[in-house]
2 protein chains.
Amino acid sequence: MYINDVPPLDMADDSLFEFLHMEIVSHVYKEHESRGENDKERGTCVSSLELMGFRVGQGLIERFTKDTPSFKDELDVMKFVCKDFWTNIYRKQIDNLRTNHQGTYVLQDNRFPLLTPLSNGKQYLEEAPKYLAFSCGLLRGALSNLGLESVVTAEVSLMPACKFQVVVQKI
Amino acid sequence: MYINDVPPLDMADDSLFEFLHMEIVSHVYKEHESRGENDKERGTCVSSLELMGFRVGQGLIERFTKDTPSFKDELDVMKFVCKDFWTNIYRKQIDNLRTNHQGTYVLQDNRFPLLTPLSNGKQYLEEAPKYLAFSCGLLRGALSNLGLESVVTAEVSLMPACKFQVVVQKI
């Protein structure tokens, strides 16, 4: 029996990434709990997620930029990441980009998709960092492959909005 | 500074899932190695990946089917999964669906996307199961949420083609 070739329904295909991301976060944290590690050692969960993000970011940006003309400067790279790269992953652009023109950039996302499942209530604020580590890594990996080594951190003040701070390392 | 709103390039957005999947597989296997477990215990890696797939499958199908009319029978569910569900995740349909009409289904994918990165050479054949566990879970989770409890296994004879066998459990 062959399946007929009616075109598929238009499904919410961004949810695959969201569900998978939730699973990874929960897997990494459960695994550390099962090792009986204490709170301090849970920092390794964040590192672990950040590193996975880093490698995914490197792989993706390589594919994404293979037909892209080269960038004229650092700011041009940042704009590409905020617009094209972000949209491809999160289905929306970074809402606001600021810079001090000395290598520090603040990328603000007013409705970050990986936080929306937990966006109600202040009690979840302390949970937020674990849902941001992977994305910090994604950014750092993408920038690294575009020639910018950086330190990326994230902060949340009112969910589901968040800010990613990128500090480019001058070598 | 605001980012202008030029529409993004059309990027290969299915690669996010592929890269993320590779990272998960490698994370799960590395973590077991670091625990010094032997080959037999590595079966837990497969279970771990299968269970992550199961939960993602459950979540996705719930979202995908919320506007779908109910299914008329088991075969109707299987066709939906082979066509709509599969396309949404892997950007292609299952190529061939067979059944014995007694609850066993064989879903053949002639070019399974999660195997294509390793498709050259027979030496990778033994690596294949670890790249199929998550997808077996996805299928089992989706079917479970549609009311069909099943056992799902996969086999590869010539990469990147593979077959998923679904045996529906009659309760």
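The accessible surface of segment A:39-149, taken with every protein chain in place and a 1.4 Å probe, is 45 percent carbon and sulfur. Among the residues of B:18-29, the average count of other protein chain beta-carbon atoms within 10 Å of the residue beta-carbon is 5. Amide H contacts of B:R111 (H built 1.01 Å from N, in plane; Pro and chain starts excluded): B:C162 sit under 5 Å, all sequence-distant by 5 or more or on other chains. Judged by the ratio a/c of the largest to the smallest principal axis of the C-alpha gyration tensor, segment A:55-109 counts as oblate, that ratio being 1.5 or greater while a/b is no larger than b/c. In nanometers and ordered shortest first, the copy-to-copy spacing of the B:K170 label point, defined 7 Å from Cα toward Cβ, is 7.6. Shielding value for B:90-101 is 2, the average number of Cβ atoms from other chains within 10 Å of each residue's Cβ.
Of the trypsin sites (Lys or Arg not before Pro) found in segment A:112-171, those that fall in a DSSP loop while having at most 16 other beta-carbon atoms within 10 Å are A:K170. B:R98 label point (Cα plus 7 Å toward Cβ) to equivalent points in the other copies: 6.3 nm, shortest first.
Karplus-based coupling profile of segment B:70-81, in residue order and whole Hz: 5, 8, 7, 7, 4, 5, 4, 4, 4, 5, 4, 5, with θ = phi - 60° in 6.51 cos²θ - 1.76 cosθ + 1.60 and x standing for Gly or Pro.
In this assembly of identical copies, the label point of B:Y29 (Cα plus 7 Å along Cα-to-Cβ) is separated from its counterparts by 2.8 nm, sorted shortest first. Using a probe of 1.4 angstrom and keeping all protein chains present, the accessible surface of chain A works out to 50 square angstrom per residue.
Each residue of segment B:131-140 is assigned a 3J(HN,Hα), and the resulting list reads 8, 10, 4, 4, 6, 4, x, 4, 4, 4 Hz, derived from the Karplus form 6.51 cos²θ - 1.76 cosθ + 1.60 (θ = phi - 60°), x at Gly and Pro. Each peptide among B:20-26, B:156-162 gets the average number of other Cβ atoms lying within 10 Å of its residues, and from highest to lowest they stand as B:20-26, B:156-162.
Per residue, the convex hull spanned by the alpha carbons of the protein assembly as shown comes to 178 Å³.
Listed values for segment A:55-66 are Karplus-derived 3J(HN,Hα) couplings in whole Hz (6.51 cos²θ - 1.76 cosθ + 1.60, θ = phi - 60°), namely 5, 5, x, 4, x, 5, 5, 5, 5, 5, 9, 5, and x replaces Gly and Pro. Between B:D67 and A:E62, the FRET efficiency estimated from the beta carbon spacing at R0 = 51 angstrom works out to 0.90.
When the accessible areas of A alone and B alone are added and the area of the pair subtracted, with a 1.4 Å probe, the result is around 4900 Å², both sides summed. Sites listed here are GluC sites (Glu not before Pro) in segment A:97-171 whose DSSP assignment is loop and whose Cβ has at most 15 other Cβ atoms within 10 Å: A:E149.
Sorted from greatest to least, the principal axis extents spanned by the alpha carbons of segment A:45-84 come out as 36, 19, 14 Å.
Taking square-rooted eigenvalues a ≥ b ≥ c of the alpha carbon gyration tensor, is segment A:74-171 rounded, prolate or oblate, where a/c under 1.5 means rounded and, failing that, a/b exceeding b/c means prolate? In terms of gyration-tensor shape, prolate. Label positions at B:D76 and B:V167, each projected 7 Å from the Cα along the C-beta direction, are separated by 2.7 nm.
The values are calculated or read from the model by the stated rules, or taken from the named source; none is laboratory data. These numbers come from a predicted model, not from an experiment. Counting neighbours? That spans all protein chains shown, and the Cβs are built from the backbone with ideal geometry, glycine included. Each accessible area value is taken on the protein alone, full model and side chains, heavy atoms only, with ligands, DNA and RNA left out. Shrake-Rupley method; radii C 1.70, N 1.55, O 1.52, S 1.80 Å.
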